[in-house]
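Peer 1: Below you will find the structure I want to go over with you.
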Amino acid sequence: MRQLSERTAGFTDSVIRRMTRISNQYQAVNLSQGFPDFDPPREILDRLAQTAHEDFHQYSITWGAQNFREALADKQSALMGRKIDPNSEIVVTCGSTEAMMAAMMTVTNPGDRVIVFSPFYENYGADAILSGAEPIYVNLYPPAFQFRPEELEAAFARKPKALILCNPSNPCGKVFTREELELIGTLAEKYDAYVITDEVYEHIVYAPHEHIYFASLPGMWERTISCSSLSKTYSITGWRLGYIIAPAQIVDAAKKVHDFLTVGAAAPLQEAVIPGLRFPQSYYDGLREKYTHKRDLFLNGLDEIGLPHTNPQGAYYVLLDIGEFGCESDLAFCEALAEKVGVGAVPGSSFFREPVNNLIRLHFAKKDETLFEALDRLHDIRKKMS
Ligand code: GLN
């Protein structure tokens with residue numbers, strides 16, 4: 001038989017998703033793939049039950065149901081500080097995974113370069129391979145995960161077509177400051193590059209940090225493709241509802257990519273989530289409080305065990321330093337952790353361009369009782385992993 005495509009030979013399966021399967025195999029508390037184990041808001045679930053008996057069972061308009069786009073445009077217009085046109089400036093996608101892929105395919109030609117900050121969410125590597133783009137990695141340096149302006153400018157000087165900005169950032173928890181975003185904007189303008197954002201954690205930010213939408217910076221709307229999703233905001237990762245917001249001529253092209261990739265996101269689910277899109281500010285304040293509580297609970301627990309970790313400013317991940325265990329492979333460490341300790345984690349090497357082997361990623365988007373159980377199991381990690 002002839003060989004399959006070089007495209008697929010170029011990457012493995014997602015290690016994040018693989019770790020969920022491994023966690024399940026060992027009945028580990030799964031803190032690997034980032035998704036909650038608590039319920040979505042009741043208003044959304046009630047509406048979901050009703051939609052089963054209403055007329056939402058056929059395709060919606062390919063770029064998103066009218067009701068959904070209007071509710072989304074209202075919500076995001078208020079946040080992003082400009083009136084977003086639901087008809088010409090939004091494409092609804094199957095999760096932000098499709099949004100990012102569609103954005104990459106809309107902006108880049110094979111051979112184009114894209115800047116990716118490292119550490120990065122592992123999908124961006126695959127997005128680059130699938131679209132034929134070449135990543136240029138720019139390091140974020142701990143503990144605050146700042147970039148060095150001269151390194152970023154050197155990357156821009158290689159004439160990338162776009163920069164990918166995950167803000168708040170998975171896995172390092174960085175929330176970019178206004179100054180940092182403005183610097184990225186100045187360079188994007190100087191070197192005429194697009195900025196593709198992944199802002200799925202836009203509502204999960206810890207005080208005193210604040211999320212600033214890149215598209216809302218002066219002059220940046222024209223060159224920004226904002227991608228996000230409803231997964232984390234309404235605890236519905238399985239619904240696969242995401243979107244692109246961008247100027248009309250970009251959205252026009254993205255609509256075509258999306259149409260031929262997936263036709264559209266699930267019609268009943270778009271309808272069911274509308275009460276969520278219409279929630280008042282108090283819902284988002286509550287979400288922030290809830291995650292601040294979970295972050296504090298989990299990080300305090302890790303401190304008691306004495307495991308060194310990052311301090312996220314946003315999103316719901318923490319990187320743990322496992323250097324003291326002297327393991328050769330972080331992947332093997334995570335497999336052993338699931339088996340012997342009963343906690344699922346993602347090997348840090350999935351997120352770095354450089355050979356990093358001393359970090360693992362855990363997330364805390366779980367019920368308190370689940371987090372307590374995980375901490376309980378982690379208590380004698382040294383004994384169990386020796
Ligand atoms: N963003 C989540 C993570 O990093 C999961 C995303 C996914 O699996 N689609 O774990």
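The values are calculated or read from the model by the stated rules, or taken from the named source; none is laboratory data. Computed from a prediction, not measured in an experiment: that's the story for all the values here. Because the Cβ atoms are built from the backbone with ideal geometry, glycine has one as well, and the counts that use them run over all protein chains shown. Heads up: the accessible areas ignore ligands, DNA and RNA and are worked out on the full protein's heavy atoms, side chains in. Shrake-Rupley method; radii C 1.70, N 1.55, O 1.52, S 1.80 Å.
Peer 1: List every residue whose amide H lies under 5 Å from the amide H of T197, counting only residues 5 or more places away in sequence or on a different chain, with H placed 1.01 Å from N in the peptide plane.
Peer 2: For T197, whose amide H was placed from the backbone, the distant partners under 5 Å are L165, I225, S226, C227.
Peer 1: What part of the accessible area of the chain, given as a whole %, is carbon or sulfur when the probe is 1.4 angstrom?
Peer 2: 52
Peer 1: Now for a separate question. Checking the cross-link filter: which lysines have an alpha carbon closer than 20 Å to that of K340, excluding same-chain neighbours under 8 positions apart?
Peer 2: K383, K384
Peer 1: If you don't mind, there's one more thing I want to ask. E134 to E210: extension gain in nm, 0.36 nm per residue of separation minus the Cα-Cα distance?
Peer 2: 24.2 nm
Peer 1: Can you give the accessible area of L287 in Å² (nearest 10), computed on protein heavy atoms with a 1.4 Å probe?
Peer 2: In the full protein context, L287 sits at about 10 Å².
Peer 1: Okay, moving on. Between segment 331-386 and segment 37-110, how far is it from one alpha carbon centroid to the other, in angstrom?
Peer 2: Spelled out, the Cα-based centre of one part sits 33 Å from the other.
Peer 1: Here's another thing I want to ask about it. In segment 1-45, what chymotrypsin sites (Phe, Trp or Tyr not before Pro) fall in a loop by DSSP, with at most 15 other Cβ atoms inside 10 Å?
Peer 2: In loop regions of segment 1-45 (DSSP not H, G, I, E or B), the sparsely surrounded chymotrypsin sites (Phe, Trp or Tyr not before Pro) are F11, F38.
Peer 1: Same structure, new question: Normalised by the residues of segment 37-159, what does the relative contact order come to in percent, with Cα pairs under 8 Å and at least six apart?
Peer 2: 16
Peer 1: On to the next question. Please report the relative contact order for segment 313-386, taking Cα pairs under 8 Å with a sequence separation of at least 6, and give it as a percent rounded to a whole number.
Peer 2: 37
Peer 1: Classify segment 9-115 as rounded, prolate or oblate, taking a ≥ b ≥ c as the square roots of the eigenvalues of its Cα gyration tensor: rounded when a/c is under 1.5, otherwise prolate if a/b is larger than b/c and oblate if not.
Peer 2: It comes out oblate by the Cα gyration axes.
Peer 1: Still on this structure: Report, by chain and number, residues whose modeled amide H sits under 5 Å from the one on V138, excluding near sequence neighbours (fewer than 5 apart, same chain).
Peer 2: V116, F117, S118
Peer 1: Then there is this: In the calculated pair distance distribution of segment 169-305, what percentage of Cα-Cα distances lie above 22 Å?
Peer 2: The calculated P(r) of segment 169-305 puts 50 percent of pairs beyond 22 Å.
Peer 1: Probe radius 1.4 Å, ligands and nucleic acids left out: which of E369, E134 has the largest accessible area, and how do the rest follow?
Peer 2: Ranked list, largest accessible area first: E369, E134.
Peer 1: Let me ask something additional. Could you pull the accessible area for I129 with a 1.4 Å probe, rounded to 10 Å²?
Peer 2: 60
Peer 1: Accessible area of T262, 1.4 Å probe, to the nearest 10 Å²?
Peer 2: 50
Peer 1: Go through segment 355-370 residue by residue and turn each phi into a ³J(HN,Hα) via Karplus (6.51, -1.76, 1.60, θ = phi - 60°); whole Hz please, and just put x for glycine and proline.
Peer 2: Result, ordered by residue: x, 9, 10, 10, 10, 10, 10, 10, 10, 10, 8, 9, 4, 4, 5, 5 Hz.
Peer 1: Can you give the net charge of the other residues whose Cβ lies under 14 Å from the Cβ of M220, counting K and R as +1 and D and E as -1?
Peer 2: For residues surrounding M220, the net value is -2.
Peer 1: Over the Cα atoms of the chain, each weighted equally, I'd like the Debye log10 I(q)/I(0) at q = 0.07 Å⁻¹, rounded to two decimals.
Peer 2: Relative scattering, expressed as log10 I(q)/I(0), comes to -0.31.
Peer 1: Moving on. Say each of A144 and E222 gets a label point 7 Å from the Cα, pointing the same way as Cα to Cβ; how far apart are those two points in nm?
Peer 2: The modelled label-to-label distance comes out at 3.2 nm.
Peer 1: Between beta-carbons, use under 15 Å as the cut-off and find the net charge around H293, counting Lys and Arg +1, Asp and Glu -1.
Peer 2: +1
Peer 1: Give me the percent of DSSP beta bridges within the chain that run antiparallel, rounded to the nearest 5.
Peer 2: Taking every DSSP beta bridge with both residues in the chain, the antiparallel ones total about 50 percent.
Peer 1: Whole-Hz Karplus ³J(HN,Hα) for segment 266-271, in order, using 6.51 cos²θ - 1.76 cosθ + 1.60 and θ = phi - 60°, x for Gly and Pro?
Peer 2: 4, 4, x, 6, 4, 5
Peer 1: Over 19 Å between C-alpha atoms is what I'm after, so list which of K159/K190; K174/K255; K161/K232 land there.
Peer 2: Over 19 Å apart, Cα to Cα: K174/K255; K161/K232.
Peer 1: If you take every residue apart from V175 with its C-beta less than 12 Å away from the C-beta of V175, what net charge results, scoring Lys and Arg +1 and Asp and Glu -1?
Peer 2: Net charge around V175: -2.
Peer 1: Give me the extension gain from L297 to L261: residue separation times 0.36 nm, minus the current Cα-Cα distance, reported in nm with one decimal.
Peer 2: 8.8 nm
Peer 1: Chymotrypsin sites (Phe, Trp or Tyr not before Pro) within segment 54-117: which are DSSP loop residues with at most 14 other Cβ atoms inside 10 Å?
Peer 2: Within segment 54-117, the qualifying chymotrypsin sites (Phe, Trp or Tyr not before Pro) (loop, at most 14 other Cβ atoms within 10 Å) are Y59.
Peer 1: To continue, here is another question. Within segment 94-193, list the trypsin sites (Lys or Arg not before Pro) lying in a DSSP loop whose Cβ has at most 13 other Cβ atoms in a 10 Å radius.
Peer 2: R158
Peer 1: From the phi angles alone, apply the Karplus equation (6.51, -1.76, 1.60; θ = phi - 60°) to segment 181-192 and give each ³J(HN,Hα) in whole Hz, x where the residue is Gly or Pro.
Peer 2: For segment 181-192, the Karplus curve yields 5, 5, 5, 4, x, 4, 6, 4, 6, 4, 9, 6 Hz.
Peer 1: For the chain, what does the accessible surface come to per residue with a 1.4 Å probe? Please give it in Å².
Peer 2: That works out to 43 Å² per residue.
Peer 1: Could you order D198, D259, D55 by accessible surface area, starting with the largest, using a probe radius of 1.4 Å?
Peer 2: Heavy-atom accessible area, descending, gives D55, D259, D198.
Peer 1: With each pseudo-label sitting 7 Å past Cα toward Cβ, what's the E153-R82 distance in nm, one decimal?
Peer 2: Distance between the two pseudo-spin positions: 2.7 nm.
Peer 1: How high is the relative contact order of segment 137-225, in percent, counting Cα pairs under 8 Å that sit 6 or more residues apart?
Peer 2: In percent, rounded to a whole number, it is 28.
Peer 1: Still on this structure, I have one more. Taking H as built 1.01 Å from N, whose amide H comes closer than 5 Å to the amide H of N30, not counting residues under 5 places away?
Peer 2: Close amide H contacts, sequence-distant or interchain: G344.
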